[in-house]
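What follows draws every value from the coordinates through simple rules; no lab data is involved. Since the model is a prediction, treat every value here as computed from it, not as a measurement. Here Cβ is always computed from backbone atoms with ideal geometry, including for glycine, and neighbour counts include all displayed protein chains.
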Amino acid sequence: MTRMKTPRAIAVRAWLLWTTSFLALPVGGYAGTLITGRIDDPLSAVIGGAIAGLIIGSGQALTSSHRVRPVSWITASVLGMSAGLALGSATIGYRTALPDLALMGALNGLILGVAQALALPRQLGQRRWLWAAAMPALWSLGWTVTTLAKIAVDQQFIVFGASGAVLVTAITGLLLNRLLPVAASRQPSITPTTAKVHS
């Protein structure tokens, strides 16, 4: 007996897989911090953002269910994180109060969102700008959640913490499913069944 997976089951599986990429955010931020230290000047922001973007973009590409082109997506993430973090952190004067981090997140998300939107498949047309429009609010939300969770944001991190990363990644996964639904597999899954043997 064969059973095809339903579109809903495929969408949920793709969303869950994408959501696991939240780990790339704190890992990317930690890796960047090991190299640059605190984000307290333009150079640390550019380099730290690029390192974090490389890891974030790679994690998202791996969990995208083949919906984004890895090279384009990773490149966009590196450039977007590097320029976005540099702009955001410089605009707030490297301060770490909640309103400052929320603004930094919005500016970082703006640049990153535009870069990643350009890396989405062209057949989406104008719809890919929905991704760019959502990212400023989501990155601002990520920093807000992390700050309210009493994480030591005064250490001038590159990326918000795991608490914010889970929420932001889960929401972007829903948006990605909306923009680029995963095609149903042509290979049916096999479920065991009993069969009568006729003599």
In degrees, nearest ten, helix 42-62 long axis to first principal axis of the chain (Cα): 0 degrees
The stretch 7-183: relative contact order in percent, alpha carbon pairs under 8 Å with at least 6 residues between: 28 percent
Averaged over every viewing direction, what's the projected area of the C-alpha convex hull for the chain? Give it in nm², one decimal, please. 13.3 nm²
Among residues other than residue 86 whose Cβ falls under 13 Å from its Cβ, what is the net charge (Lys/Arg +1, Asp/Glu -1)? -2
One finds the C-alpha centres of the stretch 14-58 and the stretch 73-116 to be spaced, in Å, by 12 Å
Between residue 38 and residue 170, what's the calculated FRET efficiency when r is the beta-carbon distance and R0 is 25 Å? Round to 0.05. 0.30
Any idea what angle helix 7-19 forms with the longest principal axis of the chain, computed on alpha-carbon atoms, 0 to 90 degrees, nearest 10? 30 degrees
Highest-fluctuation residue, 26, 181, 136 considered, GNM on the chain with Cα pairs under 10 Å: 181
For the stretch 73-78, 3J(HN,Hα) per residue [Karplus equation, 6.51 cos²θ - 1.76 cosθ + 1.60, θ = phi - 60°, Hz, x = Gly/Pro]: 5, 5, 4, 4, 5, 4
Calculated FRET efficiency, residue 71 and residue 154, Cβ-Cβ r, R0 41 Å, to nearest 0.05? 0.65
What angle, in degrees between 0 and 90 and rounded to the nearest 10, separates the Cα long axis of helix 162-179 from the longest principal axis of the Cα atoms of the chain? 50 degrees
Taking the Cα centre of the stretch 1-153 as origin, work out the dipole magnitude from +1 charges on Lys and Arg Cβ and -1 charges on Asp and Glu Cβ, in debye rounded to 20. 860 debye
Give the peptides 146-153, 32-39 in descending order of average Cβ contacts within 10 Å, highest first. 32-39, 146-153
Out of 168, 12, 159, a Gaussian network model of the chain with alpha-carbon springs under 10 Å gives the largest mean-square fluctuation to 12
Exposure proxy check on 25, 110: fewest-to-most Cβ neighbours within 10 Å is 110, 25
How much length is gained on full extension from residue 178 to residue 124, taking 0.36 nm per residue of separation minus their Cα-Cα distance? 18.3 nm
If the elastic network links every pair of Cα atoms under 10 Å, which of 126, 116, 156 fluctuates the most in the Gaussian network model of the chain? 126
